[in-house]
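The values are calculated or read from the model by the stated rules, or taken from the named source; none is laboratory data. None of the values given here were measured: they were computed from a predicted structure. No Cβ is skipped: glycine too gets one built from the backbone with ideal geometry, and neighbour counts run over all protein chains shown.
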Amino acid sequence: MSTEILDIGEVSKFAKLPVSTLRYYEEKGLIQSIGRRGLRRLFDVQVVERLALITLARKAHFSLEEISTMLGTDGSVHINRNKLRDKADALDQTIRQLTTLRNGLNHIAECRAPSHLECPKFRRLMRLAGKGKGDAGPKNPSINL
């Protein structure tokens, strides 16, 4: 990345994102092109860092709307630490739910009950799924495990 200006294909390559995603992010105001070379959008090289921040935030389950509040149109970044803590707490809860679900599935896979429906842990998982708890798992009562 020795140049100051990258075309959309180069940005796609460096950011490891499809061109369609870059166009979408531009449409949403998350990134801005600085012009065109023919039909190809041009971007300042700093867009790659901005895209890395967007990718990190997406992996942390921030919505594009939440991300847009973090990114100033002038290239600045305004991250609310309380929102980060809230997101970390939500991720901790998801991890606990997924861990419980994983442990239950492992138990059910090894359970010696003649039928899954005779396994108390399986029945408990079905009850929790029906109540909307353990959102990581299916909510359909006809779970095939």
Assuming Val45 fulfils every condition listed in (1) of a type in the set (Val, Ile, Thr); (2) within 18 Å of the chain's Cα centre (by Cα); (3) farther than 30 Å from Gly130 by Cβ apart from one, which condition is it? (2)
List pairs: first in region 75-92 and under 27 Å from Gln32 (Cα atoms), second basic (Lys, Arg), Cβ under 8 Å, 6+ apart or cross-chain? Gly75/Arg50
In region 29-56, which residue that is in contact with a Lys or Arg (Cβ under 9 Å, 6 or more places away or on another chain) and among the small types (Gly, Ala, Ser) is surrounded by the most Cβ atoms within 10 Å (Cβ to Cβ)? Ser33
Take the residues of region 44-77 that are outside any helix (DSSP H, G or I) and polar (S, T, N, Q): which is modelled with the highest pLDDT? Ser63
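Yes or no, residue by residue, for (1) assigned by TED's automatic domain parsing to the domain that holds Leu30; (2) part of a helix (DSSP H, G or I); (3) of a type outside the set (A, V, I, L, M); (4) in contact with a Lys or Arg (Cβ under 9 Å, 6 or more places away or on another chain):
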residue: Ile79; (1), (2), (3), (4): no, no, no, no
residue: Lys83; (1), (2), (3), (4): no, yes, yes, no
residue: Asp86; (1), (2), (3), (4): no, yes, yes, no
residue: Ala90; (1), (2), (3), (4): no, yes, no, no
Single residue of Ser12, Ser63 found to be surrounded by fewer than 17 Cβ atoms within 10 Å (Cβ to Cβ) and not hydrophobic (A, V, I, L, M, F, W, C): Ser63
Residues that are in contact with a helix residue (DSSP H, G or I) (Cβ under 8 Å, 6 or more places away or on another chain), closer than 17 Å to Gly72 by Cα, not in a helix (DSSP H, G or I) and not small (Gly, Ala, Ser), drawn from region 13-43: Lys28, Leu30, Ile31, Gln32, Phe43
